[in-house]
Each structure stands twice: as structure tokens, then as C-alpha cells.
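Let me begin by presenting the structure, written as C-alpha cells, before commenting on it.
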Amino acid sequence: MISKKNIKKLKGDASHRIFYRKINKDSSSILVFAKKDKKSNLLNYDAVNRILIKNNILAPKLLNENYSKNFIEIQDFGDQTIFDLFKKKKVHQLLIFKKIIKLLRNIQIIRLRKIKNFRKNNYQIPLYESKILLDEAKLFSDWYVKKKLTKTKYQFFKKKFIKEIKKLIKKLHLKNDTFVHRDFHVSNLMITKNKIGIIDTQDALIGNRAYDLASLIDDVRFKTSTRIKQKVYKLYLSFHKKIKKNHFKNDFEIISVLRNLKIIGIFTRLALRDKKKKYLSLIPHAWKLIELRSRNNDKFKNLNDLLYTIKKVRK
């Protein structure tokens with residue numbers, strides 16, 4: 001039994017999970033509740049964490065589980081994220097980013113793909129197939145654009161939009177052979193015992209190595225200067241000297257644009273469907289990130305022409 005006296009509800013995120021801190025006599029832990037998407041948010045979350053932990057990556061360990069009652073109990077990494085560190089303290093951001101890039105390098109060399117979950121069933125990290133990339137980008141048209149245009153204009157836009165996204169996906173060069181967190185940004189990186197721990201891992205896939213770097217550098221939640229973005233990008237390349245730079249740059253740009261289109265769709269859906277309107281304030285920055293990567297870039301010309309048609313109806 002969990003006593004209400006020693007638990008405290010924590011601030012939630014964009015998911016359907018509910019978090020509590022359980023205060024023990026000499027320590028604390030985190031209770032994660034999830035009725036919706038229970039398998040992903042509880043079972044898969046722990047399975048991915050187990051893969052990370054086996055590879056010496058700091059991820060929350062499972063302490064207890066009651067899957068039938070929709071919760072797991074995991075290790076408590078505290079409250080300080082890298083985001084908090086950057087916002088509240090005067091720190092040398094590039095030194096911190098160097099540590100993050102080293103962490104990303106260690107994550108990306110993971111070759112373990114399958115593990116037993118806490119129900120003793122095999123879990124295998126899925127492949128980041130082209131269809132998933134396409135479906136994610138379609139969230140932009142299905143939620144954001146749909147509420148901006150008339151039905152006829154929306155149907156016309158959607159058809160052309162899907163065509164252009166498919167073309168961009170076909171232009172990706174790198175193989176889907178790398179562990180991808182999918183939300184690798186400073187809000188999901190925790191300072192715990194002077195080390196960097198990682199959370200929110202349940203959506204991990206095996207995909208393009210440029211994805212998590214794009215997630216980190218073009219982070220919609222944390223604004224950085226173009227100078228910092230370029231330095232972090234070069235820092236990553238300094239650890240991966242064998243990468244074909246032109247191929248990697250191509251994929252980084254495409255993935256960044258696709259990811260931020262997805263984010264605009266997701267944040268709109270959170271506001272309309274789930275009444276979580278606070279994320280709407282981040283949409284203008286997502287647009288700026290799309291423009292940063294697509295402006296004066298020939299491969300995005302047709303997409304930019306299409307996006308211009310709804311530019312005048314943005315809020």
C-alpha cells in the first residue's frame with residue numbers, strides 16, 4: 001500500500017503519465033502512473049532503461065512495479081535538469097554541451113536491441129521506418145493546418161504536403177542503425193550525483209544518427225544562438241571523424257525540419273484535444289527553427305512554397 005502522507009505529486013509533462021515523489025526515511029523514489037498507453041509508458045519505458053543501464057548509461061532503475069494497478073516505482077534523479085542549470089546558473093554552456101555530446105556518443109554505440117521486460121517478455125527496440133517519419137510529419141497537417149484552412153484548401157494542402165515530405169524522406173542518406181532517444185534535449189537530461197542521467201526514454205527507436213543531435217541543437221523549449229548551435233554541431237563531428245559530412249548535414253537539416261513540423265502538430269493537438277494550452281507558446285520558435293534550416297536551402301524549396309500559403313494565417 002502507498003500512503004498518501006509520504007507522496008507528493010510532481011509537475012507533469014506532455015504525456016498521459018502522472019508522477020509522484022515517494023518520500024522514504026532515508027531516500028526517495030518516483031511513482032509513474034499511466035492508464036493510457038500503459039504498455040509504452042510503463043513496460044517499454046523500463047525495458048529501454050534496462051538496455052541503457054546495461055550499457056553504463058545513467059537511466060532510472062526499476063525499484064518496484066504493480067502493472068495491474070498501472071504504476072511502476074523507479075529511481076529518483078532529483079529535480080535539476082540541464083535546462084534548469086542553463087536557466088538559473090551562470091555556467092559555461094559549451095562545457096556542458098561537450099559532456100552531453102559525449103553521452104550521446106556513448107548512447108549511439110549501443111548495439112543491444114532486445115531485452116526481457118519486467119514481465120519476462122522479450123522487448124525489441126523498433127525500427128524508425130519511413131512510414132513513422134511520414135506519420136509524424138502528418139501531425140502538422142492533421143492538427144495545425146486543419147484548423148487554419150477551409151476544408152477544400154486543407155485537402156489540397158495535405159495532398160501536396162505529403163508528397164513533399166515523402167520526397168524529403170527519400171533524400172535521407174544515413175542508415176537506420178543507431179539508438180535514437182527521440183526527445184534528446186536538455187529538459188530530459190538530469191543532473192544526478194554530478195553526472196548526467198537521461199529520462200523519458202520509452203519512445204526510443206533504431207534510426208538515423210542525426211536525429212538526436214537535431215533534437216538537442218534545434219530544441220524548441222530552449223533557445224540557443226546560431227553560434228552555439230554551430231559549435232555544438234562541430235563538437236559532435238569532432239567525435240565522429242569518419243562521418244560523411246555532406247550526408248550528415250543533409251540528414252540533420254531534413255530531420256530538424258520534419259521534427260519541428262511534428263512538434264507544431266503535437267502541441268496543437270495537446271491544446272485542442274487534451275486542453276494543455278501552455279505548449280502553444282512554443283510554436284513560434286518551432287517555426288523559426290524550420291526557417292533556420294530550410295531558408296535558402298534548395299531541397300526545401302517546394303516545401304517552403306507550400307508552407308508560405310499558410311504563413312499569413314499563423315498566430
Q | For Leu272, Leu112, order by how many other beta-carbon atoms lie within 10 Å, fewest first | A | Leu112, Leu272
Q.
I'd like to compare 164-170, 176-182, 34-40, 251-257: which one has the highest average count of other Cβ atoms within 10 Å, and what's the full order after that?
A. 251-257, 176-182, 164-170, 34-40
(Q) Given the -39500 (n - 2.57) contribution per DSSP H run of 4+ residues, what per-residue ellipticity at 222 nm results for the chain, rounded to the nearest 500 deg cm²/dmol? (A) -13500 deg cm²/dmol
Q: Could you sort out which of Lys158/Lys242; Lys90/Lys299; Lys102/Lys158; Lys158/Lys276; Lys275/Lys311; Lys131/Lys223 sit more than 32 Å apart by Cα distance in this structure?
A: Lys158/Lys242; Lys90/Lys299; Lys102/Lys158
Q: Taking the Cβ of each residue in Leu95, Leu270 as the centre, tally the other Cβ atoms inside 10 Å and list the residues starting with the fewest.
A: Leu95, Leu270
Q | Fraction of beta bridges assigned by DSSP in the chain that are antiparallel (%, nearest 5) | A | 95
Q. Where the only charges are on Cβ atoms (+1 Lys, Arg; -1 Asp, Glu), what is the dipole of the chain about its Cα centre, to the nearest 20 debye?
A. 660
Q.
Report the Cα centroid-to-centroid distance between segment 239-269 and segment 90-125 in angstrom, as an integer.
A. 18
Q. Normalised by the residues of the chain, what does the relative contact order come to in percent, with Cα pairs under 8 Å and at least six apart?
A. 18
Q: Quick one: pull the percentage of alpha-carbon pairs in the chain with a separation above 24 Å.
A: 57
Q | Around Ile206: net Lys/Arg minus Asp/Glu count, Cβ-Cβ under 9 Å | A | 0
Q: Please list the helices of the chain that count as membrane-span-like by this rule: a mean Kyte-Doolittle hydropathy of at least -1.0 together with Cα atoms stretching 27 Å or more along the helix axis, each helix being a complete DSSP H run.
A: 151-170, 245-272
Q | Virtual spin-label span in nm between Asn64 and Lys175, 7 Å along Cα→Cβ | A | 4.5
(Q) I want to make sure I understand the PRE zone here: with the label point 7 angstrom from the Cα of Ser238 toward its beta carbon, which residues in segment 204-228 have backbone N atoms less than 19 Å away? (A) 213-214, 216-218, 225-228
Q) What FRET efficiency comes out for the pair Asp37/Lys223, r = Cβ-Cβ distance, R0 = 25 Å, nearest 0.05? A) 0.25
Q: Please arrange Arg293, Arg21, Arg113 by counting, for each residue, the other beta carbons lying within 10 Å of its beta carbon, fewest first.
A: Arg113, Arg21, Arg293
Q) According to a simple spin-label model (label point 7 Å from Cα along Cα-to-Cβ), what is the distance in nm between Leu85 and Asp274? A) 2.7
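Rule-based calculations on the coordinates, nothing more; no lab input. Just so it is clear, the structure is predicted and the values come from calculations on it, not from any experiment. Because the Cβ atoms are built from the backbone with ideal geometry, glycine has one as well, and the counts that use them run over all protein chains shown.
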